[in-house]
Amino acid sequence: MYQTPEQIIAMNKANLEATMRFAGVAIEGAERMIDLQMKAAKSAFADSIQSAKALAAVKDFQELAALKDTLAQPSMEKASAYAKSVYDLTSETQAEISKLVEAQVSDFNKEVVAGLDKMVKTAPAGSEVGVAAIKSAIAAVNSSYDNLTKVAKQFAQSSQANIEAATTKATASVKKSSKK
């Protein structure tokens, strides 16, 4: 099948635009991750200064024991919140990239089917069976891709639930240990 220069230019332009969209999503995700890490670093630095000041003010072992409990719980809660934020951010970026990949796969499939339809019109008699087999194979691959995408989404939802449960459990155990 012969492609005209205009078709090649249009295909290259579409590929360049898709690449730019992928890069944009990746850069935005990296920016959000850097912002999150900077905020966490600033918060950790401020907390360490406050903890050092509190430790310097300790006069006996009872105050030290009480201080240990008051410092541990907020640190654990912040660590859990940070881990959840990192997970949420990576999940959002991955979801955006998945949408772009799905759109690219859909566009590619449409182009292949359109190309096959053009080929059928100019193909010799009897080639319809071969073209139908190719279309059937494309449909099978698409079905497999859809199933894989559904499984990945279910895995992501399950992971999200597990992270939330682990965060809740860790925070609760720190609270219990600080009460003792």
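The values are calculated or read from the model by the stated rules, or taken from the named source; none is laboratory data. Values in this document were obtained by computation on a predicted structure and should not be read as measured data. So basically every Cβ, Gly included, is an ideal-geometry build from the backbone, and we count neighbours across all protein chains shown. The accessibility values were calculated without ligands, DNA or RNA, using every heavy atom of the protein model including side chains. Shrake-Rupley method; radii C 1.70, N 1.55, O 1.52, S 1.80 Å.
All of (1) more than 26 Å from the chain's Cα centre (by Cα); (2) open to solvent by less than 50 Å² (accessible area, probe 1.4 Å) hold for Ile49 with one exception: (2). Considering every residue within region 98-112, establish whether at least one is more than 29 Å from the chain's Cα centre (by Cα), at pLDDT 80 or above and open to solvent by 60 Å² or more (accessible area, probe 1.4 Å). Within region 98-112, not a single residue is more than 29 Å from the chain's Cα centre (by Cα), at pLDDT 80 or above and open to solvent by 60 Å² or more (accessible area, probe 1.4 Å). Annotation: Lys59 fulfils all but one of (1) open to solvent by 80 Å² or more (accessible area, probe 1.4 Å); (2) in a helix (DSSP H, G or I); the unmet one is (2). Within region 63-86, is there a residue that is among the small types (Gly, Ala, Ser), exposed (fewer than 14 other Cβ atoms within 10 Å of the Cβ) and out of contact with any helix residue (DSSP H, G or I) (no Cβ under 9 Å at 6 or more places or on another chain)? Yes, the conditions are met somewhere in region 63-86.
Conditions (1) at pLDDT below 75; (2) in a helix (DSSP H, G or I); (3) loosely packed, with under 10 Cβ neighbours inside 10 Å, marked per residue:
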{"site": "Gly126", "(1), (2), (3)": "yes, no, yes"}
{"site": "Ile138", "(1), (2), (3)": "no, yes, no"}
{"site": "Tyr145", "(1), (2), (3)": "no, yes, no"}
{"site": "Ile163", "(1), (2), (3)": "yes, yes, no"}
{"site": "Thr167", "(1), (2), (3)": "yes, yes, no"}
{"site": "Ala172", "(1), (2), (3)": "yes, yes, no"}
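Does Asp88 count as within 19 Å of the chain's Cα centre (by Cα) and either under 22 Å from Met33 (Cα atoms) or at pLDDT 75 or above (or both)? Yes, satisfied. Restricting attention to region 1-40 and to residues that are surrounded by 11 or more Cβ atoms within 10 Å (Cβ to Cβ) and of a type in the set (Lys, Arg), the residue that is nearest to the chain's Cα centre (by Cα) turns out to be Arg32.
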